[in-house]
Amino acid sequence: MMPSRQQGVALILVIWVIALMGVLLGSFALIARTENFEARHLFDGTTARYAAQAGIERAVYELRNPDLTQRWVGDGRAYDFEFDGAQVQVELTDESGLIDINTADDTLLQGLFVSAGVAPDQAVVLSDAIQDWRDPDDIPLPQGAELNEYKAAGLPYAPRNAPFQTVGEVQQALGMNYDLFEKIEPAITIYGGGVQPNPAYAPLEVLLALPGMTPDLAQQLIAARQQSLPGQPGGAGLTLPDGTPVVANGGGNTYTIRSRATLANGASTTLDASIRLGGIGAAGQPYTVLRWDQKESSR
């Protein structure tokens, strides 16, 4: 028979082994649970992403709908539908309703910055800096900036002296910062093509940049505009503060589409895309992607 002292040592060893096994089993269970959560998150994210992408495809289809009374309108109104158990909400903005930073005039650019909370004198500086960035010469505007001003500011780059290639590039203009860029980003584009935005499709941020516009008037204009049915003259009877009529005819073929898909458990994915209808290159291509951004949120 084993002496009692040895029996005590053996018992302690057994207890330690049992405790160690318990820790290992607990760790394995935690790892398995974590992997299950990760797999579920990946599955939900993938499901929501493809549902949101279905929203993009649905928007393209509806924008090309030959029935004008059923065609979706790119004035910011939301369209909701269900896809494979996910709730999808799609918002369209015709880019002709945005401020094109490559063609906008001085008055419009200054109005944009003032509406974003910038002091009028600083708005002049920013407007001139943007125009100096995109114009082909090295001669600064009265409040603008060319190579020497960027060097004096300690910046390692100079104006492109050519059109902006992306919306985000405007952050490089002298005097800009990220906080201000976030405020004006919903209002600007490089695909509008016109000097003035079409108010029939313009979002609130653009309308507020127009001369004489007030927040209340802008909200009223949007509400009245979105009450018009597809196929009807959007904005009929509406005018801007200067008397210019709001006419929806003449919209472009480039759109910003925001598609948000939400699953039953709350997981969601939002896709922001800029697309041009008609496409280029391959025959029959329904559209060309100009910009694509994806954001996911957990439940």
Globularity ratio of segment 38-192, using Cα Rg and 2.2 N^0.38 Å
1.36
Keeping the other protein chains in place, figure out the carbon and sulfur percent of the accessible area of segment 139-237, with a 1.4 Å probe.
54
Rounded D (µm²/s) - segment 105-150, Kirkwood Rh over Cα pairs, Stokes-Einstein at 37 °C, 0.692 mPa s
311
Approximate spin-label separation Q172-A152, in nm, with each point projected 7 Å along Cα-to-Cβ:
2.1
Mean accessible area per residue over segment 70-180 (1.4 angstrom probe, all protein chains present, square angstrom) is 46
Accessible-area order for M176, M21, largest to smallest, probe 1.4 angstrom, reads M21, M176
Inter-site label distance for D105 and A78 at 7 Å from Cα along Cβ, in nm
3.7
I'd like the accessible area for Y79, computed on protein heavy atoms only with a 1.4 Å probe and all protein chains in place. Round to 10 Å², please.
40
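The values are calculated or read from the model by the stated rules, or taken from the named source; none is laboratory data. Computed from a prediction, not measured in an experiment: that's the story for all the values here. Neighbour counts are summed over all protein chains in view; Cβ atoms, including those assigned to glycine, are modelled from backbone coordinates with ideal geometry. For the accessible areas, the whole protein counts, side chains as well, though only heavy atoms, and no ligand, DNA or RNA atoms are used. Shrake-Rupley method; radii C 1.70, N 1.55, O 1.52, S 1.80 Å.
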